[in-house]
Each structure stands twice: as C-alpha cells, then as structure tokens.
Amino acid sequence: MHSNRPFVHRFKAMTVPCEVQLFGSIKASQITAMIEQNTRRLEQKYNFYSEQSWLTRELNQRGDNSVLLDDESLVVFQTVKNLVMGTAGVFDPTVGSLKWLLAKDASLNRAQAYQIAQPMMGEAAWHLEGKQMFISHHETRFDLGGVIKEFAIDQAINLAESLGVAGALINFGGDIRVLGAKPNQETFNVAVVNPSNPTQAFFSLPLANAALTTSAHYERKTQFSDGQTSHILSDKGTHSKVLSVTVVAPTALEAGAISTALTIDPLLPVPGEVSIIFIDDELKIHQDTEFLTQ
C-alpha cells in the first residue's frame, strides 16, 4: 500500500453503504476485515427488525420487568441513558414502542398511535441499577437504530487506533468519524448533502479526530393511516424550519443523538465541544438558532 494513498474497504451493513479508509498501516486489509466483522456482529445483536437478535429475544420479548445486561449492552445503555438525559428526553430509544404498535395495527392514525404509546415511552420508562435494566411497562420496546451504527463507527476508530493506524476515515451511510490526518498532514474534508437534492454536496467541513453526523427528514418516512411523517419520530414532530442538522462531536454516538434531537427541538442546549450547522427551509446555512425567531 502506497503510504500516501488509503486502503479502502467497502461493504453494506445496517441497511447503508459502509466505507473504511485507513492510512499508514501494513495490516490495513486485516484491520478492515475486523471492522466489517464487528459491524455485522453489532447489526445482528441489536437489530430491531430481526426475531433472532439479542435485542428482540432478550429485551423486547422479555418475560419480566427486568433484564440482566451483558457487559457490552450495559455500556450501550449507560451511554444511551446519558444521551437521553442530555437531550432532555428528546432523544428516545423507546420510540420502538411506536413502531411496534404500527406493525401490529396499521389502521392507527398518528394521534391514536402516540396516545397508546405514551405510557410505554420516555426517559421514565426505564432505568439501570448495576447491570440490571428495569422497564416499567411490559409493552415498551427499544429501537437502537439511531445508536448502534454510530456505536459501530466509534468501535471501528478505537480498533484502528489500538492497532497503530495513523489516519482513518469511517463512513457508514454518511455518519463519519476520522482519526488523525492524511500522511501529508492534510485534514479530511467531509461533504454534507443538499437536503433538497441529496445527490449533491451542499458544503464541506474539515474534520480531524472528531465525528460528523447529519440528521434530516427528506428521505425516509413513517406511515400512519392518516398520512406520512418523518422517520424521526416525536409526538410534536420535527421542526418545520429545520431541513437538516449537522453536528460535529468527539464521538459518532454523541453526534448522532444530538443531531437527531435537534431536528425536533433545535433550541436544546448542547455541550461546549459540539458544533452545529442547520440548513433551514429556504436552504440557508446557520451556525446558531437566531433564524428560528426571524
């Protein structure tokens, strides 16, 4: 491998195209294979839609109000709980309850679905005590679709760094984290797409030792009997003036949770190390929330 060119490995997992670029390692082929293997393992373990996943069998089809978590799942849910609290409950993994209801009864309209799901959802619906998770409502369902892809990205970076990789870019479906820089010390430039035409780049940002995620509601939809809404589910909906939110944060997991929450409530306070870029409904770029009051 030429030292100034990355070793590039591509595969598809978690319903998205995945790309791993590694610089400065003679073991790049083995490392990227390990990253793919780990990503697929996480996908199988935490897949909301698979009857065979750990998430479905042990958590969502639990027979009691508590579940003993393995070490990895404890880390996942401890991190998720911190993100739920940090976003004042706007980021909510129990949104799986709503998806579960809709899968059972497609005749539910939006108001009915949220009314039925309300007792099953929210920060108070679950808590951790040691390695035990307690869930107050027997029909609460967890969907980690907004978590595990980013968790896999962070694990990929950690793995690459532990094995001596000098520079890396992990891109899973547009959620990105980079390690170090390219061999000439040039930073990675990451493009953010135009929310009105996702095939076009809208702007780019330099990124070094950080993660970038963009949350938007221009592609995937959720179907209720009385119409469609964004795939980003909230009883109050996504903010009408926000087409997309790009967040730069230390980890992909943090960036992903915050960007999702900000599409719903763009006025949420964020940690000081986090940077935000909004694209509004007139395709204007903002780095603050003043446009919401104009």
On Cα atoms only, tilt of 252-264 relative to the major axis of the chain in degrees: 50
Span per principal axis, largest first, for the Cα atoms of region 100-228 (Å): 57, 45, 19
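Regarding the chain, what whole-number volume in Å³ per residue does the convex hull of its Cα atoms give? Intermediate values should be presented prior to the final figure.
Working: hull volume 40.2 nm³, N = 294.
Enclosed volume per residue, from the Cα hull, is 137 Å³.
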Listed peptides 47-56, 164-173 by packing density, highest first (mean Cβ within 10 Å): 164-173, 47-56
All lysines inside 21 Å of Lys241 as judged from Cα atoms, apart from same-chain residues fewer than 8 positions distant: Lys221, Lys284
Relative contact order [Cα under 8 Å, 6+ residues apart], region 47-135, whole percent: 34
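Compute the signed sum of charges (Lys and Arg +1, Asp and Glu -1) over the other residues within less than 11 Å, Cβ to Cβ, of Arg57. Could the numbers behind the result be given before it?
Values: positive: Lys45, Arg62; negative: Glu51, Glu58.
Here the count lands on 0.
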Reach of Lys104 by Cα under 18 Å, taken over aspartates and glutamates that are not fewer than 8 positions away in the same chain: Glu51, Glu139, Asp143, Asp226
From phi via Karplus (6.51, -1.76, 1.60), per-residue ³J(HN,Hα) for region 270-285 in Hz, x at Gly/Pro: 10, x, x, 7, 9, 10, 10, 10, 9, 10, 8, 6, 10, 6, 9, 9
Sequence ranges 36-43, 59-66, ranked by mean other-Cβ count within 10 angstrom, highest first: 36-43, 59-66
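Would you mind calculating the gained length between Gln30 and Glu282 on full extension (0.36 nm times residue separation, minus the Cα-Cα distance), in nm to one decimal?
Details: separation 252, 0.36 × 252 = 90.72 nm, distance 4.58 nm.
The span from Gln30 to Glu282 would gain 86.1 nm if fully extended.
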D (Stokes-Einstein, µm²/s), Kirkwood Cα radius, region 47-135, 1.002 mPa s at 20 °C: 153
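In whole percent, what relative contact order does the chain give with Cα contacts below 8 Å and a gap of six or more residues? Present the calculation step by step, with values, prior to reporting the outcome.
On the way: 536 pairs, mean separation 49.1, N = 294.
Once divided by the residue count of the chain, the mean separation gives 17 percent.
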Reach of Lys131 by Cα under 16 Å, taken over aspartates and glutamates that are not fewer than 8 positions away in the same chain: Glu58, Asp64, Asp70, Asp71, Glu72
Helix 71-86 vs. the chain, principal-axis angle (Cα, 0 to 90°, nearest 10): 80
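How high is the FRET efficiency from Asn4 to Arg57, r the C-beta distance, R0 45 Å, rounded to 0.05? Let's see the in-between values first.
Working: r = 47 Å, r/R0 = 1.05.
For Asn4 and Arg57, the calculated efficiency is 0.45.
Is region 42-87 best put as rounded, prolate or oblate by its Cα gyration tensor, with a ≥ b ≥ c the root eigenvalues, rounded for a/c under 1.5, and otherwise prolate when a/b is larger than b/c, oblate when not? Each step should come with its number before you reach the end.
On the way: a/c = 1.88, a/b = 1.47, b/c = 1.28.
Prolate shape, in that a/c is at least 1.5 and a/b is the bigger ratio.
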Alpha-carbon centroids, region 63-86 and region 92-109: separation in whole Å: 21
Residue order, fewest to most beta carbons within 10 Å, for Glu254, Glu129: Glu129, Glu254
Stokes-Einstein D for region 1-50, Kirkwood Rh over Cα pairs, 10 °C, 1.306 mPa s (µm²/s): 134
Residue-by-residue Karplus 3J(HN,Hα) for region 128-140, coefficients 6.51, -1.76, 1.60, Hz, glycine and proline x: 10, 9, x, 8, 9, 9, 10, 10, 6, 10, 5, 9, 5
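Can you compute the helix-only [θ] at 222 nm over the chain? Use -39500 (n - 2.57) per DSSP H run of at least 4 residues, normalise by all residues, nearest 500 deg cm²/dmol.
On the way: 6 runs with 79 residues, N = 294.
When only DSSP H runs of four or more count, the value is -8500 deg cm²/dmol.
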Estimated vicinal HN-Hα couplings, Hz - region 144-161 in sequence order (Karplus 6.51, -1.76, 1.60; Gly, Pro = x): 9, x, x, 10, 5, 4, 5, 4, 5, 4, 5, 5, 4, 5, 4, 5, 4, 5
Gaussian network model of the chain, springs between alpha carbon atoms under 10 Å - residue of Gly130, Gly272, Gly24 with greatest fluctuation: Gly272
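Values quoted throughout were computed directly from the atomic coordinates according to the rules given, and no laboratory measurement underlies them. Keep in mind it's a predicted model, so treat the numbers as computed, not measured. All Cβ positions, even for glycine, are placed from backbone atoms using ideal geometry, and neighbour counts span all protein chains on display.
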